[in-house]
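Working notes, structure below.
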């Protein structure tokens, strides 16, 4: 029973990792770049929700919607202002650029007087509720995380599988020039991908906020989402979620059964093993680079 | 404009290509040698840090700038060097022996991390090094019997042959000597077949391989050399601070090291030191500028991070070759005056292709 309990809390935590990893994978799939700012975008989303709920006094659904919409817009603007000028440059430039964006986001939030440096709780309607089910104690906050992740996954899967835009995004990710020749508006799509990834990050932030707290450094959890993305295979959407779940469960079990200190390193040990055994991840494409 | 007429074959082997270089690098060396008598103790300490970070930067530059492998966990090598030095010095080993052990152990760690470098590329390698960094940091914190855990560990001053180095000036000269040695070593390495192989791997792995370069050997060698330099820097860092704890070698330190070489200029030996100067002087500049800003902005804790982020974004957007690239442009402008054209250093437009499908 305890094992099951651990697994469930691991799954909930893993869903958060998965959602952040989903943002990485979206950007990687769409624009073939890796965004290190994803954790900080998540933090901005959580602060957006906090602003809506406490300072503006919105009802919960409106606060969530406005935070997600605001972050999507922010993502589009960000892409237009700083990412687009260096489109096509080496991937490492963009990695450094996103690290810079992360620094700026964290710096700006901590510069807000009195609010930025504190930790806040997000007053969600389902706070501190508990379901008991056949001896299991289920935290509603965690259940909401799992449910929301499942729905979001289905939506994104449908987008990439069935919609024209999703297929165009995949084409852009594979070869920008060829996609451009086929009449795909590459630049506009890249903006859209960043908007989508930011919106997903905002959702992750809003889901994570009730479990932990809202503070300027909550974005560092993004560093644990990287292993999730790698375990799942960097270019695979279901892989991101599965990778997140694997990392979450490994972490929860390692925290309980292994000595102190393994809880925080278990995800990284898992990713190192993964890179040795299957460098392309669980769902990664098995393709070799040719000349 | 300067024309170099080569009259002897040995001229090709010289490190300094012409009299101007001899003069300016000589002047720089003279200035750094005279620094203890020119600057106050505080600025000398800052200069020592510049040299230490410069050595670490040289290592990362060799790896990232010349071999094209990016490490997101370089602080771990710094940490391995620092802790080895701390433990061995406290055990009574003399400085050169401890330093050699620190460099050797770091190099061994680098070799181990370099092993996956053959199989994984790009972002996956970044992840592998990042994971390694986290594991090593946690290891420092948990292996309390040796490292003292989160409480940290104190160091004795460096000593050799019954002669103990306690003064700041003496330690500065020690760092200066090692930095000069490291720089000369890297410069010579880069024009040797090994260095050429590194650059070939950076430019194209496939063509390097088809020219007969053993990818596995050279990649792990690059990792090991880079880690060894980081280890030396870590050992000096530990002696300079006289106290080390695991959180000095966390992921933020790794990112700082990366920032340093990006701002200095990836792919140039000058860049390592220019970046180190930037990294050390930036907090001072911010501290000086704080008083002139309104209190809401100036006293906010996030100011430093904000400035760092903005600077990195500006460099990546407008000056991808870093400070050294900017200097190159200014120099070219002066050399060619008045024939400098605007588009000379214009970036070529390029389209991105997937690494996954090719």
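The values are calculated or read from the model by the stated rules, or taken from the named source; none is laboratory data. On a predicted model such as this, the values are computed, not experimentally measured, just so you know. Because the Cβ atoms are built from the backbone with ideal geometry, glycine has one as well, and the counts that use them run over all protein chains shown.
Restricting A:99, A:86, A:94 to residues that are within 20 Å of residue B:265 (Cα to Cα), crowded, with 22+ Cβ neighbours inside 10 Å and either more than 14 Å from chain B (Cβ to nearest Cβ) or over 17 Å from the mean Cα position of the chain (by Cα) (or both) narrows the list to A:94. Residue count for region A:130-153 under the criterion of being free of Cβ contacts under 8 Å to residues at least 40 places away in the same chain and farther than 17 Å from residue A:206 by Cα: the result is 5. The residues in region B:62-111 that are within 14 Å of another protein chain (Cβ to nearest Cβ) and over 15 Å from the mean Cα position of the chain (by Cα) can be counted, and the count is 1. Helices (runs of 4 or more DSSP H) fully within region A:192-291 that include at least 3 residues being surrounded by 24 or more Cβ atoms within 10 Å (Cβ to Cβ) and touching a residue at least 60 places away in the same chain (Cβ under 8 Å): A:222-232, A:237-257. Please state which of the following conditions residue B:310 fails to meet, knowing it meets all the rest: (1) more than 14 Å from chain A (Cβ to nearest Cβ); (2) under 20 Å from residue A:108 (Cβ atoms); (3) modelled with pLDDT of 85 or more. Checking residue B:310 against (1) more than 14 Å from chain A (Cβ to nearest Cβ); (2) under 20 Å from residue A:108 (Cβ atoms); (3) modelled with pLDDT of 85 or more, the one that fails is (1).
There is at least one residue in region A:46-54 that is over 20 Å from residue A:192 (Cβ atoms) and within 14 Å of chain B (Cβ to nearest Cβ). Residue-level check: of (1) under 19 Å from the mean Cα position of the chain (by Cα); (2) surrounded by 22 or more Cβ atoms within 10 Å (Cβ to Cβ), residue A:63 misses just (1).
Taking the conditions exactly as written (surrounded by fewer than 23 Cβ atoms within 10 Å (Cβ to Cβ) and within 14 Å of another protein chain (Cβ to nearest Cβ)), does residue A:108 satisfy them or not? Spelling it out, residue A:108 is indeed surrounded by fewer than 23 Cβ atoms within 10 Å (Cβ to Cβ) and within 14 Å of another protein chain (Cβ to nearest Cβ).
Note on region A:228-266: residues that are closer than 19 Å to residue B:142 by Cα and at the interface with chain B (Cβ under 8 Å from one of its Cβ atoms) amount to 4.
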